[in-house]
Amino acid sequence: MKRVLSSVALAAGLAVCTFPGLAVAGGVKSPWQLGLLESCKSEAFVAETQKKAAAKDVEAMAALGYLYSEACGVPFDAEEAARLWLAAAGQGQADAMASLGYVYGEGIGVEQSAEQALRWTRAAAERGNVRGLFNLGVTYDLGLGVPVDKAEAARWYQAAIAQGDTDAMHNMAIMLLKGEGGEKDEKAAAGLWKQAADLGDADGMAQMGAMAYWGKGMDKDLAAAMRWWRAAADRGDVGSMFFIGLMYETGEGVPVDDVEALTWIRKAANKEDANAMVNMGIRSVAGKGVARDARQARRWWEAAARKGHGDAMYYLGMLFSEGDEGVAQDEAAAIRWLRQAAQAGNPEAARVLRQSGIGVVTPGEAL
């Protein structure tokens with residue numbers, strides 16, 4: 001097969017610095033919810049809750065609705081959950097209102113309605129319900145049924161933060177990093193993530209690691225970055241596992257130790273961290289710490305590409321362009337992956353396409 005793409009050496013490492021993703025409405029587990037998820041393990045509790053709900057006890061109706069929504073002690077039944085929440089919300093139960101705001105927004109057990117989602121979310125927030133406060137912040141942050149209003153989002157996030165909500169701390173920190181709804185303030189963003197981390201939040205710990213690593217809102221401190229990432233990794237944060245491995249791989253803040261690096265990177269990759277999967281693909285094609293196996297590299301990169309990782313798409317394009325042991329050269333596949341990589345924002349893929357005369361795909365362009 002004719003080679004149409006110029007050869008590009010595969011990079012040996014990977015490091016990224018991007019804004020973390022927002023915590024989204026519905027993702028919050030309030031103390032009320034967490035308590036129910038623990039209590040529903042008791043058959044006696046479930047039976048008593050059902051008995052009280054049948055007698056129109058407002059708190060029991062709200063609780064039983066949540067049990068149905070989580071299939072916790074009872075079968076999953078989204079419509080029954082919504083029915084119970086409507087009954088409880090009609091009598092002023094704020095947790096039921098917050099739940100209704102979420103299910104109307106998603107169309108779970110009810111007909112999807114942005115108007116009803118906003119109505120119930122606002123009703124919960126105005127009663128000081130922490131899920132309602134946070135979810136209303138997200139509503140204005142993302143423009144869900146309302147115009148985007150970052151200042152209004154910040155107002156509701158701050159009210160949730162006052163109740164110790166770590167997801168609101170996370171989203172408010174992102175706004176401060178970007179300068180949305182006010183002036184950019186990296187130090188204040190770091191302060192919010194420190195507050196969340198001190199409350200035991202793994203995302204807060206992970207972001208403190210990133211802020212210390214990059215010197216954002218504080219002095220650059222690689223030892224502190226490692227401490228925060230280890231604390232987050234101990235709580236299951238896969239991104240932190242990858243960055244611990246990367247520090248051992250590059251010798252930043254710690255002596256180079258590729259055995260330790262591979263241990264952490266493989267752990268993160270097995271938990272489907274896309275950056276770690278890309279790194280494992282690089283290791284597989286280079287035989288670095290693992291047996292050289294282009295087919296395994298392809299599998300790692302394809303897994304990362306399914307998660308939208310532009311670098312993985314680029315590496316797949318170059319792998320198919322040149323071919324390797326166990327991976328046949330495939331011009332059509334090479335072009336397809338490179339075009340997807342360029343569309344995802346990978347500059348090297350765009351450069352290769354341009355130099356090869358195939359045509360440039362710009363980020364976001366429909367293929």
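The values are calculated or read from the model by the stated rules, or taken from the named source; none is laboratory data. Just so we're clear, the structure is a prediction, and the values are computed from it rather than from any experiment. Glycine also receives a Cβ, built like all others from the backbone with ideal geometry; neighbour counts cover every protein chain displayed.
Quick check on my filter: what residues within the range 270-296 are of a type in the set (Asp, Glu) and either surrounded by 18 or more Cβ atoms within 10 Å (Cβ to Cβ) or touching a helix residue (DSSP H, G or I) at 6+ places or on another chain (Cβ under 6 Å) (or both)?
Selection gives ASP273, ASP293.
Have a look at ALA225, ALA297, ALA303, ALA291 and point out the one that is modelled with pLDDT of 95 or more, of a type outside the set (D, E, K, R) and closer than 26 Å to ALA197 by Cα.
ALA225
Can you tell me which residue in the range 89-110 is surrounded by the most Cβ atoms within 10 Å (Cβ to Cβ), limited to those that are under 15 Å from SER30 (Cβ atoms) and not hydroxyl-bearing (Ser, Thr, Tyr)?
Within the range 89-110, the match that is surrounded by the most Cβ atoms within 10 Å (Cβ to Cβ) is ALA98.
Residues LYS220, LYS194, LYS216: which one is at negative phi, free of Cβ contacts under 8 Å to residues at least 12 places away in the same chain and in contact with a helix residue (DSSP H, G or I) (Cβ under 8 Å, 6 or more places away or on another chain)?
LYS220 is the lone residue from the list that is at negative phi, free of Cβ contacts under 8 Å to residues at least 12 places away in the same chain and in contact with a helix residue (DSSP H, G or I) (Cβ under 8 Å, 6 or more places away or on another chain).
Search the range 37-76 for residues being among the polar types (S, T, N, Q) and farther than 22 Å from GLN91 by Cα, and hand back the single one that is surrounded by the most Cβ atoms within 10 Å (Cβ to Cβ).
This residue is SER39.
Provide a single number: the residues in the range 30-66 that are of a type in the set (D, E, K, R), in a loop (DSSP other than H, G, I, E, B) and free of Cβ contacts under 8 Å to residues at least 24 places away in the same chain.
So the count comes out to 1.
Taking helices (runs of 4 or more DSSP H) that do not extend beyond the range 90-189, which have at least 1 residues that are touching a residue at least 60 places away in the same chain (Cβ under 8 Å) and farther than 29 Å from PHE76 by Cα? I'd like the intermediate steps shown before the answer.
Values: elements: 94-106, 114-126, 130-142, 150-161, 166-178.
Those helices (runs of 4 or more DSSP H) span 130-142, 166-178.
Give the residue, chosen from LYS194, LYS220, that is in a loop (DSSP other than H, G, I, E, B) and either over 22 Å from ALA274 (Cβ atoms) or touching a Leu at 6+ places or on another chain (Cβ under 8 Å) (or both).
Checking each option against the conditions leaves just LYS220.
Restricting attention to the range 322-333, which residues are under 24 Å from ARG292 (Cα atoms) and either surrounded by 24 or more Cβ atoms within 10 Å (Cβ to Cβ) or aliphatic (A, V, I, L, M) (or both)? It would help to see each step written out before you state the result.
Restricting attention to the range 322-333, the residues satisfying the condition of being under 24 Å from ARG292 (Cα atoms) are 322-331, 333.
Once the filter is applied, which keeps residues that are under 24 Å from ARG292 (Cα atoms) and either surrounded by 24 or more Cβ atoms within 10 Å (Cβ to Cβ) or aliphatic (A, V, I, L, M) (or both), the range 322-333 yields VAL327, ALA328, ALA333.
Given the condition hydrophobic (A, V, I, L, M, F, W, C) and modelled with pLDDT of 95 or more, answer yes or no: does some residue in the range 30-44 qualify? Lay out the reasoning, then the answer.
Here is the first cut: in the range 30-44, the ones hydrophobic (A, V, I, L, M, F, W, C) are 32, 34, 36-37, 40, 44.
So of that shortlist, the ones also modelled with pLDDT of 95 or more come out as 44.
Yes: one or more hits.
Taking the condition farther than 15 Å from MET247 by Cβ and in contact with a His (Cβ under 8 Å, 6 or more places away or on another chain), does ALA188 pass?
The answer is no for ALA188.
How many residues, within the range 310-347, are within 14 Å of GLY281 (Cα to Cα), under 29 Å from the mean Cα position of the chain (by Cα) and charged (D, E, K, R)?
Of the residues in the range 310-347, 1 are within 14 Å of GLY281 (Cα to Cα), under 29 Å from the mean Cα position of the chain (by Cα) and charged (D, E, K, R).
Could you list, ordered by first residue, the pairs with Cβ atoms under 6 Å in which the first is in the range 309-331 and closer than 23 Å to ALA276 by Cα and the second is polar (S, T, N, Q) and buried (at least 18 other Cβ atoms within 10 Å of the Cβ), at least 6 apart or interchain?
Between residues of the range 309-331 that are closer than 23 Å to ALA276 by Cα and residues that are polar (S, T, N, Q) and buried (at least 18 other Cβ atoms within 10 Å of the Cβ), the close pairs are GLY310/ASN346; MET313/GLN340; TYR314/ASN346.
Which residues, counting only those in the range 223-255, are closer than 15 Å to ASN275 by Cβ and part of a loop (DSSP other than H, G, I, E, B)?
ASP237
How do the pairs read when you match residues in the range 334-360 that are crowded, with 16+ Cβ neighbours inside 10 Å with residues anywhere that are of a type in the set (Asp, Glu) and in a helix (DSSP H, G or I), using Cβ under 8 Å and keeping only pairs 6 or more apart or on different chains?
ALA341/ASP311; ALA341/GLU348; ASN346/ASP311
Looking at the range 297-309, which of the residues that are part of a helix (DSSP H, G or I) and crowded, with 18+ Cβ neighbours inside 10 Å is nearest to the chain's Cα centre (by Cα)?
Among those that are part of a helix (DSSP H, G or I) and crowded, with 18+ Cβ neighbours inside 10 Å, it is ALA304.
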